[in-house]
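K.L.:
Mind having a look at this structure? Questions to follow.
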Amino acid sequence: GDIKGIWELSRFSWAFTLARAYAKSGDNAYAEAFWQLFEDWQERNPPNLGANWLCGQEAAFRLMAATFAQDVMCGAQATTEGRLARFASLVVATGRRISGNLNYALSQSNNHGISEAVGLLTAALLAPASAETASWERMGWGALKQQLDELVYPDGAFAQHSTIYHRVLLSDLLWMISLYGRVGREIPAFL
C-alpha cells in the first residue's frame with residue numbers, strides 16, 4: 001500500500017490541534033494528551049528504524065510540529081523535565097537523520113531538499129550547542145541557499161509547478177523566519 005498512510009499520523013498534525021486547544025483553554029489535559037502521544041510514538045519508533053524514519057522530509061515535518069507544541073505547552077504541568085529531555089532526544093535524532101542523508105534529498109531537486117534543510121536548521125537551533133549542531137547549521141543554510149537558487153525563479157514561482165508544493169516551500173520558509181526571529185537570531189540575506 002501507500003506509505004503515506006503510515007507517515008500521515010507521524011507528521012504529528014494532531015500536535016498543532018492539541019497545542020491550540022491548550023493555548024485557548026489552559027487545560028493541562030491537552031498538554032498531557034500531547035505528551036502521552038509523543039511518548040508512545042517515540043517508544044514505537046526508535047531513531048532510524050522503521051517506516052517513519054525512511055524520509056528526512058517526514059522527520060522534518062514531525063520535528064516542526066513537535067517543536068510548535070512543546071513551545072506552546074512549555075508552561076503546562078504536563079511538560080516535565082523528563083518530557084523535555086525526550087523532546088531533546090527527538091531533536092538530536094532528527095538532526096542526525098537529516099544530516100546523514102541530506103545529499104539524497106538535494107539530489108531530487110524538489111521540496112524534499114528544502115524541507116530537510118529547514119528541519120536541519122530547526123534541529124541546530126534546538127539541540128544543545130556542539131560541534132555537531134554548528135555543522136548542522138552550516139549544512140542547513142548551504143543546502144537551503146542551493147535549493148532556493150536552483151528551484152525558485154526570479155519572479156518567485158517554484159520549479160515544481162504545483163500549488164501544493166509551492167505552499168510547502170512557503171510554509172517551510174515562514175517556519176524558518178519565525179523560528180529564527182523567536183530566538184533572536186538573524187537569517188541570511190538570501191532568504
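The values are calculated or read from the model by the stated rules, or taken from the named source; none is laboratory data. In this text the structure is predicted, and so the values were computed from the model without any measurement. Positions of Cβ are generated from backbone atoms using ideal geometry, with glycine treated the same way; all protein chains shown enter the neighbour counts. The protein model used for the area step is the full one, side chains on, heavy atoms only, and it has no ligands, DNA or RNA in it. Shrake-Rupley method; radii C 1.70, N 1.55, O 1.52, S 1.80 Å.
K.L.:
Okay, helix-only estimate at 222 nm for the chain: each DSSP H run of n ≥ 4 adds -39500 (n - 2.57), divide by all residues, round to 500 deg cm²/dmol; what do you get? Mind dumping the intermediate values first?
P.N.:
Numbers: 8 runs with 138 residues, N = 191.
Result for the chain: -24500 deg cm²/dmol, rounded to the nearest 500.
K.L.:
Which one, Ala143, Ala19, Ala29, has the greatest fluctuation when you compute a Gaussian network model over the chain with C-alpha springs under 10 angstrom?
P.N.:
Checking each option, the largest mean-square fluctuation is seen for Ala29.
K.L.:
Run the dipole for the chain about the Cα centre, Lys and Arg Cβ at +1, Asp and Glu Cβ at -1, nothing else charged, and hand back the magnitude in debye, nearest 20. Working shown, then result.
P.N.:
Values: 15 positive and 18 negative charges, 19 e Å.
That gives a dipole near 80 debye.
K.L.:
How big is the dipole moment of the stretch 1-75 about its Cα centre under a simple scheme where the beta carbon of each Lys and Arg is +1, that of each Asp and Glu is -1, and everything else is neutral? Debye, nearest 20, please.
P.N.:
Numbers: 6 positive and 9 negative charges, 41 e Å.
About 200 debye.
K.L.:
Leaving out ligands, DNA and RNA but keeping every protein chain, what accessible area does Ser115 have, in Å² rounded to the nearest 10, with a 1.4 Å probe?
P.N.:
Approximately 0 Å² of Ser115 is accessible to the 1.4 Å probe.
K.L.:
Same structure again: Ala51 to Asp27: extension gain in nm, 0.36 nm per residue of separation minus the Cα-Cα distance? Before the final figure, lay out the partial values.
P.N.:
Working: separation 24, 0.36 × 24 = 8.64 nm, distance 3.33 nm.
This chain segment gains 5.3 nm when fully extended.
K.L.:
OK, next. Would you kindly calculate the translational diffusion coefficient of the stretch 1-74, applying Stokes-Einstein with the Kirkwood radius from alpha carbon pairs, for 25 °C and a viscosity of 0.890 mPa s, and quote it in µm² s⁻¹ without decimals? Spell out each step's value before the answer.
P.N.:
Details: Rh = 12.7 Å.
Taking Rh from Cα pairs, D becomes 194 µm²/s.
K.L.:
Rounded, prolate or oblate, given the Cα gyration tensor of the chain, with a/c below 1.5 counting as rounded? Display every interim value, and only then the final one.
P.N.:
Details: a/c = 1.57, a/b = 1.49, b/c = 1.05.
Prolate shape, in that a/c is at least 1.5 and a/b is the bigger ratio.
K.L.:
Mind checking the per residue accessible area of the chain for me, 1.4 Å probe, whole number of Å²?
P.N.:
Numbers: 9510 Å² over 191 residues.
Ligands and nucleic acids excluded, the figure is 50 Å² per residue.
K.L.:
Which is farthest toward the positive dipole end of the stretch 78-140 among Ala93, Gly140, Ser115, measuring Cα position about the Cα centre, with Cβ charges +1 (Lys, Arg) and -1 (Asp, Glu)?
P.N.:
Ala93
K.L.:
Quickly rank 59-70, 77-88 as a protection proxy: mean count of other C-beta atoms within 10 Å, highest first. Don't jump to the answer; show the numbers that get you there.
P.N.:
On the way: 59-70: 24.3, 77-88: 14.0.
Per-residue mean Cβ counts within 10 Å order the peptides as 59-70, 77-88.
K.L.:
Can you tell me the dipole magnitude for the stretch 105-174 around its Cα centre, using point charges on the Cβ only (Lys, Arg +1; Asp, Glu -1), in Debye to the nearest 20? Show your work: numbers first, answer last.
P.N.:
Details: 3 positive and 7 negative charges, 13 e Å.
The dipole magnitude comes to about 60 debye.
K.L.:
Given a cut-off of 16 Å, what percent of all Cα-Cα pairs of the stretch 106-191 lie beyond it? Don't jump to the answer; show the numbers that get you there.
P.N.:
Numbers: 1834 of 3655 pairs.
So the portion of pairs separated by more than 16 Å is 50 percent.
K.L.:
For the pair Tyr104 and Ser178, what calculated FRET efficiency results from E = 1/(1 + (r/R0)^6), where r is the Cβ-Cβ distance and R0 = 25 Å, to the nearest 0.05? Mind dumping the intermediate values first?
P.N.:
Details: r = 27 Å, r/R0 = 1.09.
E(calc), rounded to 0.05, equals 0.35.
K.L.:
Distance between the C-alpha centers of the stretch 1-59 and the stretch 63-80? Whole Å please.
P.N.:
Spelled out, the Cα-based centre of one part sits 12 Å from the other.
K.L.:
Using only the alpha-carbon atoms of the stretch 59-169, report the extent along each of the three principal axes, biggest first, to the nearest angstrom.
P.N.:
47, 30, 19
K.L.:
Under a plain spin-label model, where a point goes 7 Å from the Cα along Cα-to-Cβ, how far apart in nm are Gln36 and Thr163?
P.N.:
Inter-label distance under the simple model: 3.9 nm.
K.L.:
How many percent of the accessible area of the stretch 143-184 is carbon or sulfur, using a 1.4 Å probe?
P.N.:
Taking all protein chains in place, the stretch 143-184 shows 60 percent carbon and sulfur surface.
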